[in-house]
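Reviewing the structure listed below.
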Amino acid sequence: MRIGHGYDAHRLEQGRPCILCGVEVPSDRGPMGHSDADAPLHALMDAMLGALALGDIGKMFPDTDDRWQGADSTLLLRAVYERVYEHGYALGNADITIILQSPRLSPYIGQMRGRVAEVLGVDIGAISVKATTEERMGFTGDGTGIAASAVVLLVADS
Ligand code: MG
């Protein structure tokens, strides 16, 4: 078994779509970035790459490369998971935490878990998505940004 941790943060900007775990959440602002800036999926990908000591998504999908401009992060996630597979591992489970002041994400959590499970081709029971605020403290609290972290367990696919 291999364990990995990932963390990501993005600035929020007015008028940007708010796509989290591949699900568009109604919001007047969304994460700004080179790709679709889906912070929880970026944290999840970094956790997978970290578990196998394969670097990070910045190395795999450089933001200097126009191919990843506005990229759908679910496609990047699929590519990362293919690499995991090539290394002889499969996902045991993943636990993702999204840190955002608003909007409230609880109505979308089920959809997010389903979307991630679908992208990876795993049981929904293997995917946990949680959301929290930082009680109006710091850059997530004042609405400047979003943060996300993820922990994964990969199991040898023997
Ligand atoms: Mg990112």
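The values are calculated or read from the model by the stated rules, or taken from the named source; none is laboratory data. Since the model is a prediction, treat every value here as computed from it, not as a measurement. So basically every Cβ, Gly included, is an ideal-geometry build from the backbone, and we count neighbours across all protein chains shown. Note: areas computed on protein heavy atoms with side chains; ligands, DNA, RNA excluded. Shrake-Rupley method; radii C 1.70, N 1.55, O 1.52, S 1.80 Å.
For segment 43-51, does any single residue satisfy the condition of being over 14 Å from Asp8 (Cβ atoms), open to solvent by less than 50 Å² (accessible area, probe 1.4 Å) and touching a strand residue (DSSP E or B) at 6+ places or on another chain (Cβ under 6 Å)? Checking segment 43-51: at least one residue is over 14 Å from Asp8 (Cβ atoms), open to solvent by less than 50 Å² (accessible area, probe 1.4 Å) and touching a strand residue (DSSP E or B) at 6+ places or on another chain (Cβ under 6 Å). Residues of segment 122-135 include at least one that is in a loop (DSSP other than H, G, I, E, B) and closer than 23 Å to Arg16 by Cβ.
Among the residues of segment 13-38, which ones are part of a strand (DSSP E or B), within 13 Å of the ligand (Cβ to nearest atom) and open to solvent by 20 Å² or more (accessible area, probe 1.4 Å)? Matches in segment 13-38: Ile19 only.
Each row is one residue, and each column tells you yes or no for (1) among the basic types (Lys, Arg); (2) open to solvent by 30 Å² or more (accessible area, probe 1.4 Å); (3) in contact with a His (Cβ under 9 Å, 6 or more places away or on another chain); (4) in contact (Cβ under 8 Å) with a residue 40 or more places away in the chain.
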{"residue": "Gly55", "(1), (2), (3), (4)": "no, yes, no, no"}
{"residue": "Asp66", "(1), (2), (3), (4)": "no, yes, no, no"}
{"residue": "Thr74", "(1), (2), (3), (4)": "no, no, no, yes"}
{"residue": "Asn93", "(1), (2), (3), (4)": "no, yes, no, yes"}
{"residue": "Gly110", "(1), (2), (3), (4)": "no, yes, no, no"}
{"residue": "Glu118", "(1), (2), (3), (4)": "no, yes, no, no"}
{"residue": "Asp123", "(1), (2), (3), (4)": "no, yes, no, no"}
{"residue": "Lys130", "(1), (2), (3), (4)": "yes, yes, no, no"}
{"residue": "Met137", "(1), (2), (3), (4)": "no, yes, no, no"}
